[in-house]
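Here, each number is a calculation from the coordinates, and none is a lab measurement. Everything quoted here is computed from the prediction, not taken from an experiment. Cβ sites come from the backbone with ideal geometry, for glycine too, and all protein chains shown count toward neighbours.
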Amino acid sequence: MKRNYQIATAIYLLMLFYASLFPFQGWRLPEAGLLAWLAPRFPGHVSRSDLLVNVIAYLPLGFLLQRLWEGRSGRGAALMLAVLCGLAFSLSMELSQSALPSRVSSIVDLITNTLGTASGALAALLWQASAAPAGWLGGSREKHLLPGPRAEAGLLVLGCWALSQLAPFVPSLDLGGIKNALKPVWYTAHDLSLFDLPHAATYWCNLAALGIVARGSIRQRSLPLALFLVFAAAVLSAKIFVLGRQLSLEALSALPVAVLLWGAVCFLPERVRGHAAVLLLLVGFAVYELKPVAGAVATVESFNWVPFRGQLARELSGFGTILEGLWPFAALSLLLMVRTGSRLRGAAAGGVCVFAFVFALEWQQITIPGRSADITQPLLALAGWLAPLVYLGHEPAD
């Protein structure tokens with residue numbers, strides 16, 4: 001288990017290193033010196049999006065570091081080590097950015113990165129408390145969730161889906177913005193020819209598969225379907241209160257259709273049920289990948305071999321696309337691979353198949369109007385596939 005967290009932490013540090021110093025061009029020593037940005041002078045205007053990006057980017061690092069060290073020392077000591085490590089890494093990145101003309105070093109970034117690390121470490125502490133029978137959340141967990149870390153991993157998958165729907169995470173209660181967010185529902189309801197069937201099919205498949213994931217995490221007596229529908233409806237409805245997001249009739253139609261699909265799948269034997277959910281995920285993802293953009297002109301685009309170039313250009317909304325690429329394959333792994341007896345060989349073979357499948361779909365996007373082929377999506381799919389295995393460690397398969 002600890003080795004898995006060591007590998008995951010090292011990979012995430014490399015990702016932060018890449019994101020912090022991209023595009024790695026134009027290095028020069030700053031005239032004011034490498035440490036000039038450390039002076040206690042705060043900028044007159046601080047962007048909310050920048051603050052959110054800096055906090056969110058370091059949340060997983062704090063979570064991983066806390067889980068990595070809490071077995072070697074007390075939880076309080078592990079928390080301090082996690083925060084100090086996040087502070088040291090952020091400091092090294094800000095120092096390096098001061099030598100890049102395309103990046104801006106700031107003491108505000110250092111503070112918010114450290115805050116993100118601390119928040120992630122605290123989240124890991126709370127998550128552990130929920131898993132412990134004697135913890136303050138242990139009773140609630142025992143009442144509502146099935147035993148074992150698989151139920152917790154299922155909740156994490158559901159959380160990633162919810163966050164992917166709510167990126168860029170900037171709330172807005174502006175009445176004009178809310179009306180604009182509801183426009184797609186209004187226009188499509190008055191002209192059903194505008195209904196985007198492939199877009200709706202993606203939602204249908206995804207919500208039905210997520211319902212199966214929820215069913216594998218929540219105790220039967222807790223009415224998993226009803227709870228999941230309330231959860232999904234709340235997430236979709238919350239989109240109208242997020243800056244730049246819109247609610248669509250296609251998304252709302254997924255709630256009743258997912259109930260029908262979910263009910264049909266639940267009549268199948270348990271092992272076949274998992275495979276049916278896997279098929280739903282793959283179909284939903286393939287439809288999403290191969291769907292042309294309405295009104296776009298068909299052109300032949302070049303394949304982008306630079307990872308995360310688009311996400312780094314749109315930092316906050318980029319988190320949403322990253323989560324959209326991660327959660328389906330984390331769910332796929334949770335439904336399929338963790339139920340096999342050969343964990344290591346299954347992880348390797350499954351990872352190769354996942355990467356090849358998504359790469360083939362991305363390559364097809366070269367000729368699809370409005371779509372851009374990108375190496376980032378296959379890498380995200382591979383990361384999503386491996387993530388549950390890191391969390392579950394060496395737990396025996398069913």
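General remarks:
- Pairwise FRET efficiency - Ile11 versus Val293, Cβ, R0 = 25 Å, nearest 0.05: 0.20
- Stretched out straight at 0.36 nm per residue, the stretch from Ala226 to Ala88 would grow longer than its current Cα-Cα span by 45.1 nm.
- Sequence-distant residues sharing a close amide H with Asn304 (under 5 Å, placed H): Ala373, Asp374, Ile375
- Rg ratio for segment 221-321: its Cα radius of gyration over 2.2 N^0.38 Å, N being its residue count, equals 1.40.
- Its Cα gyration tensor gives segment 51-102 an equivalent ellipsoid; the semi-axes, largest first and in whole Å, are 26, 12, 7.
- Gyration tensor (alpha-carbon) shape descriptor, segment 145-398, a/c threshold 1.5: oblate
- Fewest-first ranking of Lys183, Lys239, using other Cβ atoms within 10 Å as the exposure measure: Lys183, Lys239
- Fewest-first ranking of Met93, Met80, using other Cβ atoms within 10 Å as the exposure measure: Met80, Met93
- Nonlocal amide H pairs with Leu145, under 5 Å, H built at 1.01 Å: Arg219
- Under-5 Å amide H pairs with Val242, H placed in peptide plane, nonlocal only: Ser172
- ³J(HN,Hα) computed for each position of segment 58-66 - Karplus, 6.51 cos²θ - 1.76 cosθ + 1.60, integer Hz, glycine/proline x: 9, 4, x, 4, x, 4, 5, 5, 5
- Relative contact order [Cα under 8 Å, 6+ residues apart], segment 145-398, whole percent: 26
- Listing Cys205, Cys266 from fewest to most neighbouring C-beta atoms within 10 Å gives Cys266, Cys205.
- Straightening the chain between Ala348 and Ser49 buys 103.9 nm, computed as 0.36 nm per residue apart minus the Cα-Cα spacing.
- Dipole magnitude of segment 145-398 about its Cα centre (Cβ charges: Lys, Arg +1; Asp, Glu -1), debye to nearest 20: 480
- Each of Asn304 and Leu243 was given a label point 7 Å from its Cα along the Cα-to-Cβ line. The distance between the two points is 2.2 nm.
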